[in-house]
Amino acid sequence: MEISAIKINYQIEPIGIEKIENISWELVSSDRNVFQKAYELQISENEDFSEILFDSKKVLSEESAHIKIDESILKLKSCQKYFIRVRTESSDGKKSDWKNSSFVTALVSLDELMANFISIESENDNNDSKGSHLRKEIVMNKEIKSAYALSSALGIYYLFINGKKVGIDELTPGWTSYNKHLLYQIYDVKDYLQTGKNVIGGMVGAGWYKGKMGFLGFKNHYGKRTAFICQLAVEYTDGTKEIFVTDNTWTGAFGPIIFSEIYDGEIYDANLEIKNWCETSCEYNSWNKTELVDFDKSVLKAQSGSKIRKITEIKPKKIFKTPEGDTVIDFGQNMTGWIEFNARGKKGDCVEFSCFEILDANGNVYLDNLRSAKQKIKYIFNDSGEDVIYHPYFTFQGFQYAKIISYPEEPKKEMFTAFAVHSDMEVTGEFECSNPDINQLQHNILWGMKGNFLDVPTDCPQRDERLGWTGDAQIFCRTAAFNMDIYTFFSKWLRDLKEDQTAEGGVPHVVPDILIGKSEKDRLMQDGEHSAAAWADAAVICPWTLYLVYGDKDIIYKQYDSMKAWIDFMQKHSNNNIWNYKLQFGDWVALDAEEGSYFGATPNDLTCTAFYAYSTGLFAKMAEIIGNLEDAKKYKKLYTEIVETYQKTFFKEDGHLNVQTQTAQILTLYFDLVKAENRAKVAEDLIKLLEKENNHLVTGFVGTPYFCHALSQNGYIKEAYDLLLKDDFPSWLYQIRQGATTVWEHWDGLRPDGTMWSPDMNSFNHYAYGAVGDWMYRVIAGIDCSEKEVGYKHSIISPRLGGGFDFVKSSFKSVYGRIVSEWKVGGNKAEILIEIPCNTKSTIRIPDAKKIIDADGLKFEEENGVLSAETGSGIYKIKFEM
């Protein structure tokens, strides 16, 4: 048994943690049934561990995740690198070698923050979206041992030292509810510094902080001026320390970025460049004084992981002329990020292009679905005569195509590179099968996630919206957790959800919230700016999902008050346990809606009350999990009462629902709101409603995520496969037939006749319907976890063969290690390859097996008509007759 990786706070070698929240490690072994019996864990300031700060000694424990360290025993210092090592002993007495790793702390206490926010903007610059340079020359006359910079901004910033951009992060500090929760970053900057004179600088732009955000076009949501903060902590080899901070001795100037907005793009005028602006050789002499900006620094929190970065590089597929004569670059993939170009031009020449998603029916540029978002990039050349390599600084685009408006030479493919930019998250899932359309669907789901997980889980990345809609995030959360490690990403976003809740416990439609109190002019929002069922329920469903997938109770503790406030809000505004409040989105954009309406046919009373019951039930479970038995009892009782009311209100005496829509049956089945004796009737009604639509779905955001689950859980696995595999309109594969490379917002975003859904709301990168990926992993591949031993400490492997697939290959990297489920079919025989990670166990169920031919050492027994076996870690190949 060996240790393959150590993680601190779910990250490998994180830089900038405020405290150790948990430690975990992955164990690997070629043996079967390997369990950890004991571990040793040590922490030191020295890489050779010559001085031990913390020594757990030998701990008899099977736990290899969620390890806590008593803060009173280990007192961490700020901006300090620590080394950690672990070794383990297996149940048969074998010891692993030491596995080493490291982490760097942020500020242990904000009392140590001496820097202030500074700016050269005034409040009169509130409507400007230009970039500024801020700088300070500092002197270090001793040899440097270590140096760490803390930095953040009101706006978007980049940190520079001696002319070099620090780190690889982009669009920092990201988007939070700034005035309640603002992130700062920590960088190891020793290698950027030199003995003698140095220059430290910040580039700052408007970004989400003061730029135009939201479909109503408001600016200055959080403030009217950008600002920058930086604190540089240096330790010299002689043991002395020095701190340099932003204050009013810094100077600044407006630079070449004369306009930059999230929606509209960026204009860069190279004639306004300040040569060597962040170097000691800078000769510019028109620097302005900076001013201190008053800001509550107590809301600052370190960000150690899930930062925005350039992740994937994509070269153009082709450059072509449209029928209308436009020159267009096609990158072959809908994505979020920016285009980098290289070109040479004379003074006054410019590069200008407009980014967009899709061509119209005639093959021409289609911009209407961007609404007011311009997505334009413009670069104006100076007289340097040098080759220019440029991409935007303070904005991003959602695009597959770019229309070239101006270029100083004949554009060629090698001049352009697109970069997919999103939060950096470890890829944890893989899914492949013999059906290429399903493989493309998995690709589209993953790229929809990449395109919309840019610091917050947005609805879309291209039009004048790009907001953290709670419903989209909740719907997709479990699928996202298969594809990537989302713990850090979602726990950060949930902090903002908690901060933005109303005093009464209501949950905003979008997080960070920029709608409450500002939407009276919107024809939809004026009826209610928060607390929509399935949207606001992200407050409960997302923490539950994180707990289920990662097994960490911390997320329950952190979000407990938020969850409880939301349940209490629903209870307060319910009427005899029927919950419905102001504006409800219902089964949003369902195809059974009335012509011209966004709202599906399922009544709000039903959808709202179904989610009221579901969230209350989950909260009662979580209260019990953390030992709050009084709350557990109270909310379990409330849950029972809601379910009873639901059954009395929405069921007829004959056991059928009195609402006959696909979504009504789906929610009733998946949320277990039906009496056992009536379950088959509701499932049969769902099948009838499916047949009524020629076996097509007509569900929207609420019903679609659970559709295949509602079928397969109730004996209709073939129908679930058939639904997934439909390729005519409306279906998942219809989009693929139309050339989609991401998931669409509407089933008919692009209709069979080439016409588009109304341009007022028609994104072609909108991940919500990609939530079917959860069913692909949990049912087709059969990888699931037990609620009793969460975090895949006890996995359940139960693949369902079907769909005409010859094979499926799938894996998921849990906190304990990689779980594999692969199957292949030949005639009436099949084979399943399963891998279970060390220190975990699994229940293997094969519902499609009539007879086991080769159990590979496992003992299968019949349980409720299904052949099942219990096992520990190892690789198993099981052969059976179907």
Stretch residue 138-residue 283 to full length: gain in nm at 0.36 nm per residue minus the Cα-Cα span? 50.6 nm
³J(HN,Hα) computed for each position of segment 74-79 - Karplus, 6.51 cos²θ - 1.76 cosθ + 1.60, integer Hz, glycine/proline x: 10, 8, 7, 9, 6, 6
To the nearest 20 debye, the chain has a Cα-centred charge dipole, built from +1 on Lys and Arg Cβ and -1 on Asp and Glu Cβ, of 840 debye
Between residue 737 and residue 786, what length comes free when the chain is fully extended (0.36 nm per residue of separation minus the Cα-Cα distance, one decimal in nm)? 14.0 nm
Extent along principal axes [Cα atoms of segment 371-521; Å; largest to smallest]: 60, 50, 26
Would you work out which of 23, 419, 555 lies farthest towards the positive end of the dipole of the chain, given +1 charges on the beta-carbon of Lys and Arg and -1 on that of Asp and Glu, about the Cα centre? 23
Sort 677-683, 203-209, 618-624, 365-371 for me by packing, meaning the mean count of neighbouring Cβ atoms within 10 Å per residue, highest on top. 203-209, 618-624, 365-371, 677-683
By average Cβ neighbour count within 10 Å, what is the ranking of 793-799, 9-15 from highest down? 793-799, 9-15
From the residues 517, 488, 501, which one has its Cα farthest along the dipole of segment 486-553 in the positive direction, the dipole being from +1 and -1 charges on Cβ of Lys/Arg and Asp/Glu about the Cα centre? 488
Whole-Hz Karplus couplings 3J(HN,Hα) for segment 654-663, θ = phi - 60° and coefficients 6.51, -1.76, 1.60, Gly and Pro as x, run 7, x, 9, 5, 8, 10, 9, 10, 4, 5
Order by accessible surface, 1.4 Å probe, largest leading, for residues 422, 221 comes to 221, 422
Semi-axes (Å, rounded, descending) of the ellipsoid equivalent to segment 660-749 per its C-alpha gyration tensor are 25, 12, 11
So residue 80 and residue 633, fully extended at 0.36 nm per residue minus their Cα-Cα distance, gain in nm 194.6 nm
Per the Kirkwood definition applied to all pairs of different Cα atoms, how many angstroms is the hydrodynamic radius of the chain? 29.0 Å
Any trypsin sites (Lys or Arg not before Pro) in segment 803-861 that lie in a DSSP loop and have at most 14 other Cβ atoms within 10 Å would be 850, 859
Say the dipole of the chain comes from +1 at the beta carbon of Lys and Arg and -1 at that of Asp and Glu; which of 479, 248, 838 then lies farthest toward its positive end? 838
Any idea what the dipole of segment 65-154 comes to, in debye rounded to 20, about its Cα centre with Lys/Arg Cβ at +1 and Asp/Glu Cβ at -1? 700 debye
A 24 angstrom limit on the alpha carbon distance is what I want to check against. Which of 310/378; 718/879; 68/297; 793/877; 165/310; 212/374 exceed it? 68/297
Considering only protein heavy atoms, what is the solvent-accessible area of residue 62 at a probe of 1.4 Å, reported in Å² to the nearest 10? 80 Å²
Hey, got the dipole for segment 766-857? About the Cα centre, +1 on K and R Cβ, -1 on D and E Cβ, debye to the nearest 20? 80 debye
Hull volume in cubic angstrom per residue (convex hull over the Cα atoms of segment 14-108): 98 Å³
With only alpha-carbon atoms in the gyration tensor, what are the semi-axes of the equivalent ellipsoid for segment 171-250, in Å, largest first? 33, 12, 11
Diffusion constant of segment 212-266 at 20 °C, which comes from Stokes-Einstein with the Kirkwood Cα-pair radius and 1.002 mPa s, µm²/s: 141 µm²/s
So if R0 is 25 Å, what FRET efficiency would residue 862 and residue 677 give, r being the distance between their Cβ atoms, rounded to the nearest 0.05? 0.50
Sum of -39500 (n - 2.57) over DSSP H runs of 4+, divided by residues of the chain (222 nm, nearest 500): -6000 deg cm²/dmol
Computed E for residue 324/residue 437 - FRET, C-beta separation, R0 35 angstrom, nearest 0.05: 0.65
If the label point sits 7 Å along Cα→Cβ of residue 238, residues of segment 140-156 with amide N under 11 Å come out as 141-143
Determine, for each peptide in 569-581, 328-340, 404-416, the mean count of other beta carbons within 10 angstrom over its residues, then list the peptides with the highest first. 328-340, 569-581, 404-416
Once Rh for segment 265-399 is found with the Kirkwood sum over Cα pairs, what is the Stokes-Einstein diffusion coefficient at 10 °C and 1.306 mPa s, in µm²/s? 86 µm²/s
Between residue 68 and residue 572, the FRET efficiency computed from the C-beta separation at R0 = 30 Å comes out, to the nearest 0.05, as 0.25
Helix 604-625 against the longest principal axis of the chain: what's the angle in degrees, Cα atoms only, rounded to the nearest 10? 80 degrees
What residues of segment 95-111 lie in the reach of a label at residue 19, counting those whose backbone N is under 19 Å from a point 7 Å from the Cα along Cα→Cβ? 103-111
What list of ³J(HN,Hα) values in whole Hz, one per residue of segment 3-9 in order, does the Karplus curve 6.51 cos²θ - 1.76 cosθ + 1.60 (θ = phi - 60°) give from phi, with Gly and Pro shown as x? 9, 8, 7, 10, 10, 10, 6
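The values are calculated or read from the model by the stated rules, or taken from the named source; none is laboratory data. Quick caveat: nothing in here was measured; it's all calculated off a predicted structure. Virtual Cβ from ideal backbone geometry, glycine too; neighbours counted across all protein chains shown. What goes into the accessible areas is simple: the full protein's heavy atoms, side chains included, and nothing from ligands, DNA or RNA. Shrake-Rupley method; radii C 1.70, N 1.55, O 1.52, S 1.80 Å.
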